[in-house]
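S.K.: The structure follows.
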């Protein structure tokens, strides 16, 4: 999901600026974001190895680190 017509380009640029590694998933229609209750971008969505959404909205570095640690069982 992105707020421009060039969602893929904007997402890739964002990832490059912030050194985001790993898969980037785009929800260009916004349908999936609506189902998850996402109201703004960027929003982090953590997905486990089985494709199950485990956390939505961890925004600050501390929140994101805690959510990742919980997901990894650390």
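S.K.: Could you list, in sequence order, all residues of segment 19-43 that are in contact with a helix residue (DSSP H, G or I) (Cβ under 6 Å, 6 or more places away or on another chain) and within 17 Å of residue 68 (Cα to Cα)? Let's see the steps before the verdict.
M.R.: Filtering segment 19-43 for residues in contact with a helix residue (DSSP H, G or I) (Cβ under 6 Å, 6 or more places away or on another chain) gives 24, 26-28.
Of everything in segment 19-43, just one residue is in contact with a helix residue (DSSP H, G or I) (Cβ under 6 Å, 6 or more places away or on another chain) and within 17 Å of residue 68 (Cα to Cα), namely 24.
S.K.: Name the single residue that is modelled with the lowest pLDDT among those in segment 19-41 being in a loop (DSSP other than H, G, I, E, B) and under 22 Å from residue 72 (Cα atoms).
M.R.: First, pick out the residues of segment 19-41 that are in a loop (DSSP other than H, G, I, E, B): 19-30, 37-41.
With the extra rule that they be under 22 Å from residue 72 (Cα atoms), the set shrinks to 19-25.
Numbers: 19: 90, 20: 85, 21: 86, 22: 84, 23: 82, 24: 82, 25: 79.
Across segment 19-41, the extreme among qualifying residues is 25.
S.K.: Give the residues of segment 54-74 that are in a loop (DSSP other than H, G, I, E, B) and at pLDDT 90 or above, sorted by residue number.
M.R.: So the first thing to find is which residues in segment 54-74 are in a loop (DSSP other than H, G, I, E, B), and the list is 57-60, 73-74.
The answer is none; no residue qualifies.
S.K.: Confirm whether residue 16 is assigned to a strand (DSSP E or B) and either in contact with a helix residue (DSSP H, G or I) (Cβ under 9 Å, 6 or more places away or on another chain) or not assigned by TED's automatic domain parsing to the domain that holds residue 73 (or both).
M.R.: On the way: assigned to a strand (DSSP E or B): no; either in contact with a helix residue (DSSP H, G or I) (Cβ under 9 Å, 6 or more places away or on another chain) or not assigned by TED's automatic domain parsing to the domain that holds residue 73 (or both): yes.
Answer is no for this residue.
Per-residue answers, yes or no, for (1) touching a residue at least 24 places away in the same chain (Cβ under 8 Å); (2) in contact with a strand residue (DSSP E or B) (Cβ under 8 Å, 6 or more places away or on another chain); (3) surrounded by 10 or more Cβ atoms within 10 Å (Cβ to Cβ):
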position: 24; (1), (2), (3): no, no, yes
position: 36; (1), (2), (3): no, yes, yes
position: 42; (1), (2), (3): yes, no, yes
position: 46; (1), (2), (3): yes, yes, yes
position: 49; (1), (2), (3): no, no, no
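The values are calculated or read from the model by the stated rules, or taken from the named source; none is laboratory data. Nothing here was measured: the structure is a model prediction, and the numbers come from that model. No Cβ is skipped: glycine too gets one built from the backbone with ideal geometry, and neighbour counts run over all protein chains shown.
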